[in-house]
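Here the structure is laid out as structure tokens; the discussion comes afterwards.
The values are calculated or read from the model by the stated rules, or taken from the named source; none is laboratory data. Treat the numbers as computed from the prediction; the structure is a model and nothing was measured. Counting neighbours? That spans all protein chains shown, and the Cβs are built from the backbone with ideal geometry, glycine included.
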């Protein structure tokens, strides 16, 4: 992993936190608090559908929950950033510090974190590994802005309803990104309030997942921390 001198990071990389504000607010407050613990002095822009006190906030109003809107919110954050690179942070994810210490080798590329795991809120299953995720990616700012514009051409600015099937826009038509590695996972937490109830995972792994991951500890402990009132049968 390429780690530039820490003193230079804040001039090179901006955190873009984007949210539809559909998750439980107490849960999302925990997500934001944990994010602040790991981003250090990096610039922070939040793009939300309700006003929140979190970095430089850009409130787009209640435009609805959809893949297109998530892309647009990420793009809007990038437009307002002043650094050459931007890094994604989503409202249902927990991130390690090392995720925010990486820069791609080129401004004209996207690199995704290769260590992303799912934790389901309403399941006793363990952590399940994803192949990749848009919740964990670093971009050159200008190429991201242009790329999203190209991918959403002809779709208009906002879409008020969630897409399904062939209507779902994708960030890439085929794999067009690189990977960067990290020892501590990003945890993508699946609730029923988010955009998708299910997600693609690496094939061939135990569907019950693993019970413990580095830094985060056991799935039972982390689930209890994030959802203290949850009682699974």
TODO: Go through the range 48-80 and give me each residue that's surrounded by fewer than 21 Cβ atoms within 10 Å (Cβ to Cβ), more than 20 Å from residue 25 (Cα to Cα) and either in contact with a strand residue (DSSP E or B) (Cβ under 6 Å, 6 or more places away or on another chain) or modelled with pLDDT under 95 (or both).
DONE: 67, 76, 80
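Answer with yes or no whether residue 131 is within 16 Å of residue 18 (Cα to Cα) and either within 19 Å of the chain's Cα centre (by Cα) or in contact (Cβ under 8 Å) with a residue 40 or more places away in the chain (or both). Give the derivation first.
Details: within 16 Å of residue 18 (Cα to Cα): no; either within 19 Å of the chain's Cα centre (by Cα) or in contact (Cβ under 8 Å) with a residue 40 or more places away in the chain (or both): yes.
In short, no.
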Open item on the list: Condition first: under 22 Å from the mean Cα position of the chain (by Cα), at pLDDT below 85 and under 16 Å from residue 115 (Cβ atoms). Now tell me which residues in the range 202-233 satisfy that.
Closed with: 202
- [ ] Report, by residue number, each residue of the range 159-198 that is closer than 20 Å to residue 138 by Cβ, outside any strand (DSSP E or B) and either at pLDDT 85 or above or in contact with a strand residue (DSSP E or B) (Cβ under 9 Å, 6 or more places away or on another chain) (or both).
- [x] 171, 172, 176, 177, 181, 182, 183, 184, 185
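Among 151, 155, 141, which is the only one that is modelled with pLDDT of 95 or more and touching a helix residue (DSSP H, G or I) at 6+ places or on another chain (Cβ under 9 Å)? Explain how you work it out, then say what you get.
Values: 151 fails: modelled with pLDDT of 95 or more; 155 fails: modelled with pLDDT of 95 or more.
Exactly one of 151, 155, 141 is modelled with pLDDT of 95 or more and touching a helix residue (DSSP H, G or I) at 6+ places or on another chain (Cβ under 9 Å), namely 141.
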- [ ] From the list 98, 134, pick out the single residue that is part of a helix (DSSP H, G or I) and either out of contact with any helix residue (DSSP H, G or I) (no Cβ under 9 Å at 6 or more places or on another chain) or surrounded by fewer than 21 Cβ atoms within 10 Å (Cβ to Cβ) (or both).
- [x] 98
